[in-house]
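Just below is one structure, and these are the notes that go with it.
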Amino acid sequence: MTFPAHQAPLPSLDDTDRQLLSLLQANAREGTATLARKLGLARTTVVARIARLERSGVVAGYGVRLGTRLDATTVRAWCSISVLPKTAPAVLHALEAMAEVEEVSAVSGPFDYLVFLRCTSHEQLDTLLDKVGQLDGVHQTQTSIVLSRKIDRRSVGA
């Protein structure tokens, strides 16, 4: 029986699947021959495993991770936002339209959302925070500017 990826039970992942996922997270553009060599598998086996992981929804897509050189030239901040009842869809829609918004997570606690922002300058961040605070439905915000990263397992070298 087949299910859409969002309804299918999570397939069991063995150590090889986990190693493959780790390699793909580090470099999704790595060739299957290179992945096969690193895993000690046949290339066709790696292709089949990747296809299975994609079909099952374990791998939902591929994207770009920004390197540390770009991070050094940007201002990053976490903005906590609380919204008025029934306004969340409109607020989320407005945030989605802002290019500086990289991530929005629903969180527990006194705030409803934690938003990661990336701007080219402090002035741009200031303007953006004013814009976010003035959105219909936003009740309160609290922002912390990122000074430096101490641990980041998702980043790629310079």
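The values are calculated or read from the model by the stated rules, or taken from the named source; none is laboratory data. Bear in mind that the values here come from a model prediction, so they are computed numbers and not experimental data. Here the Cβ positions follow ideal geometry from the backbone for every residue, glycine too, while neighbour counts run over all protein chains shown. Accessible surface is based on the protein model in full, side chains and every heavy atom, while ligands, DNA and RNA are left aside. Shrake-Rupley method; radii C 1.70, N 1.55, O 1.52, S 1.80 Å.
For every residue, the table says whether it meets (1) among the hydroxyl-bearing types (Ser, Thr, Tyr); (2) assigned to a loop (DSSP other than H, G, I, E, B); (3) touching a Ser or Thr at 6+ places or on another chain (Cβ under 9 Å).
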position	(1), (2), (3)
THR34	yes, no, no
ARG49	no, no, yes
ARG52	no, no, no
ALA90	no, no, no
HIS93	no, no, no
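Within the range 136-152, restricting attention to residues that are of a type in the set (Val, Ile, Thr) and not in a strand (DSSP E or B), which residue is surrounded by the fewest Cβ atoms within 10 Å (Cβ to Cβ)?
If we take residues in the range 136-152 being of a type in the set (Val, Ile, Thr) and not in a strand (DSSP E or B), then ILE151 is surrounded by the fewest Cβ atoms within 10 Å (Cβ to Cβ).
Just to check your reading of the model, which residue among SER105, SER82 is modelled with pLDDT of 95 or more, of a type in the set (Gly, Ala, Ser) and touching a His at 6+ places or on another chain (Cβ under 6 Å)? If you could, list the steps in order and put the result at the bottom.
Working: SER105 fails: touching a His at 6+ places or on another chain (Cβ under 6 Å).
The match here is SER82.
Scanning the range 87-134 for residues that are open to solvent by less than 40 Å² (accessible area, probe 1.4 Å), in contact (Cβ under 8 Å) with a residue 40 or more places away in the chain and β-branched (Val, Ile, Thr) gives THR87, VAL91, VAL132.
Taking the conditions (1) modelled with pLDDT of 95 or more; (2) open to solvent by less than 60 Å² (accessible area, probe 1.4 Å) in turn, SER155 satisfies each one other than (1). For the range 39-66, the set of residues classified as surrounded by fewer than 14 Cβ atoms within 10 Å (Cβ to Cβ) and under 24 Å from ASP152 (Cβ atoms) consists of ALA60, GLY61, TYR62, GLY63, VAL64, ARG65, LEU66, listed by residue number.
Does ARG65 qualify as being of a type in the set (D, E, K, R), at pLDDT below 90, within 30 Å of ILE145 (Cα to Cα) and part of a loop (DSSP other than H, G, I, E, B)?
Values: of a type in the set (D, E, K, R): yes; at pLDDT below 90: yes; within 30 Å of ILE145 (Cα to Cα): yes; part of a loop (DSSP other than H, G, I, E, B): yes.
So ARG65 fits the description; yes.
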